[in-house]
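Enquirer: Just dropping this structure here.
The values are calculated or read from the model by the stated rules, or taken from the named source; none is laboratory data. Since this is a predicted model, take the numbers as computed values, not measurements. No Cβ is skipped: glycine too gets one built from the backbone with ideal geometry, and neighbour counts run over all protein chains shown.
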Amino acid sequence: MSAGCCGGDDHGHGGLGHDHAHDLDGVYRNVLWIVFGVNAAMFCVEAVAGAMAGSVSLQADALDFLADAANYLIALFVLGKALTWRAGAALFKGCAMAVFGLYVLGYSVWMATAGGVPEAPVMGIVGTMALIANVGAALLLYKFRGGDSNRQSVWLCSRNDAIANVAVIGAAGLVYLTHSHWPDLAVGFLMAALSLHSAWHIIRQAMGELRQERLHAHPAE
């Protein structure tokens, strides 16, 4: 963006609007770096804990943390760039979320046949840690949830994670009470469905933004 091109407007509302938008982008950039660090750390924690506990939902959530860390890095890269760049990044992230959802769905089906009861206490403790991390990230990003498909994809990832963590904690309690692996698998299926639904929403909006940009670049004669 550029400030007002007329001499007097350089110090008027146009300039103030540009400065305000620039300041908001700076705040958003700092928030993205914070949530990136949190997600990268929680990926390491959950990957180890999920493998030790034999939990599908924890391992799925660990992969989700990894995907989100990559998501935030991409958002940092395209911040301030043209809408085509931001929509393209959102389209890539939507496709990645769809792949993640399909992987978790397939892994849950495979674990349903493999059997084995996960360790409920580990699920509960690590799930609570993940919930705290994701609620904190969602609160930081809530102010920036509107706007283009790229920003919406960042917000949706954090919101979905918080929902998934509540489900993981609930599954831990049910696994403990029933001594069955089915609550853990049910959460795996839930996370897969939520990821696929959000992926469809992001891809649809990103495709619309790209079509709009093409129409602006090549208007009909």
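Enquirer: Can you find a residue that is among the aliphatic types (A, V, I, L, M), under 25 Å from C95 (Cβ atoms), in contact with a Phe, Trp or Tyr (Cβ under 7 Å, 6 or more places away or on another chain) and crowded, with 21+ Cβ neighbours inside 10 Å anywhere in segment 117-140?
Expert: Pass one, segment 117-140, residues among the aliphatic types (A, V, I, L, M): 117, 120, 122-123, 125-126, 129-133, 135, 137-140.
The next check asks that each one be under 25 Å from C95 (Cβ atoms); those that pass are 130, 137-138.
Retained after the next criterion (residues that are in contact with a Phe, Trp or Tyr (Cβ under 7 Å, 6 or more places away or on another chain)): none.
Checked against the condition, which is being among the aliphatic types (A, V, I, L, M), under 25 Å from C95 (Cβ atoms), in contact with a Phe, Trp or Tyr (Cβ under 7 Å, 6 or more places away or on another chain) and crowded, with 21+ Cβ neighbours inside 10 Å, segment 117-140 yields no hits at all.
Enquirer: Taking the condition under 17 Å from R86 (Cβ atoms) and surrounded by 13 or more Cβ atoms within 10 Å (Cβ to Cβ), does M191 pass?
Expert: no
Enquirer: Can you tell me which residue among V154, V168 is in a helix (DSSP H, G or I) and under 18 Å from V45 (Cα atoms)?
Expert: Numbers: V154 fails: under 18 Å from V45 (Cα atoms).
Exactly one residue qualifies, and that residue is V168.
Enquirer: Then there is this: Test V99 against the stated conditions and say whether it is of a type in the set (A, V, I, L, M), modelled with pLDDT of 85 or more and surrounded by fewer than 16 Cβ atoms within 10 Å (Cβ to Cβ).
Expert: Working: of a type in the set (A, V, I, L, M): yes; modelled with pLDDT of 85 or more: yes; surrounded by fewer than 16 Cβ atoms within 10 Å (Cβ to Cβ): yes.
Yes; evaluated as a whole, the condition is true for this residue.
Enquirer: Condition check: aliphatic (A, V, I, L, M) and under 20 Å from the mean Cα position of the chain (by Cα). Does A82 satisfy that?
Expert: Working: aliphatic (A, V, I, L, M): yes; under 20 Å from the mean Cα position of the chain (by Cα): no.
Here the answer is no, as A82 does not meet what is asked.
Enquirer: Being surrounded by fewer than 19 Cβ atoms within 10 Å (Cβ to Cβ) and not polar (S, T, N, Q): is that true of A206 here? Break it down stepwise before answering.
Expert: On the way: surrounded by fewer than 19 Cβ atoms within 10 Å (Cβ to Cβ): no; not polar (S, T, N, Q): yes.
Considered against the rule, which asks whether it is surrounded by fewer than 19 Cβ atoms within 10 Å (Cβ to Cβ) and not polar (S, T, N, Q), A206 comes out as no.
Enquirer: Out of the residues in segment 44-60 that are modelled with pLDDT of 90 or more and surrounded by fewer than 22 Cβ atoms within 10 Å (Cβ to Cβ), which is farthest from L76 (Cα to Cα)?
Expert: V48
Enquirer: Would you please list the contacts, defined by Cβ atoms under 9 Å and residues six or more apart or on different chains, that run from a residue in segment 118-133 that is free of Cβ contacts under 8 Å to residues at least 40 places away in the same chain to a residue that is surrounded by fewer than 22 Cβ atoms within 10 Å (Cβ to Cβ)?
Expert: L131/A162; L131/V166; L131/I169
Enquirer: Same structure again: I need every pair where a residue in segment 64-93 that is hydroxyl-bearing (S, T, Y) has its Cβ under 6 Å from the Cβ of a residue that is surrounded by fewer than 24 Cβ atoms within 10 Å (Cβ to Cβ), sequence separation at least 6 or different chains.
Expert: What qualifies is Y72/L32; Y72/F36; T84/E213.
Enquirer: What are the residue pairs meeting all of these: first residue in segment 27-41, first residue more than 13 Å from L73 (Cβ to Cβ), second residue aromatic (F, W, Y), Cβ atoms under 8 Å, and 6 or more apart or on different chains?
Expert: Y28/F144; V31/F144
Enquirer: Go through segment 182-203 and count every residue that is without any contact (Cβ under 8 Å) to a residue 40 or more places away in the chain and farther than 19 Å from G127 by Cα.
Expert: So the answer is 1.
Enquirer: For segment 116-134, check the following and say yes or no: at least one residue is closer than 17 Å to A199 by Cβ and assigned to a helix (DSSP H, G or I). Before the answer, list the steps.
Expert: At the first step, the residues of segment 116-134 found to be closer than 17 Å to A199 by Cβ are none.
No, segment 116-134 contains no residue that is closer than 17 Å to A199 by Cβ and assigned to a helix (DSSP H, G or I).
Enquirer: I've got another one for you. Identify, please: which residue in segment 104-115 is touching a residue at least 12 places away in the same chain (Cβ under 8 Å) and assigned to a helix (DSSP H, G or I) and is, among those, surrounded by the fewest Cβ atoms within 10 Å (Cβ to Cβ)? Break it down stepwise before answering.
Expert: Within segment 104-115, the first condition is being touching a residue at least 12 places away in the same chain (Cβ under 8 Å), and the residues that meet it are 104-105, 107-108, 111-112, 115.
Next cut, assigned to a helix (DSSP H, G or I) only: 104-105, 107-108, 111-112.
Numbers: V104: 27, L105: 18, Y107: 17, S108: 21, M111: 19, A112: 15.
Within segment 104-115, the match that is surrounded by the fewest Cβ atoms within 10 Å (Cβ to Cβ) is A112.
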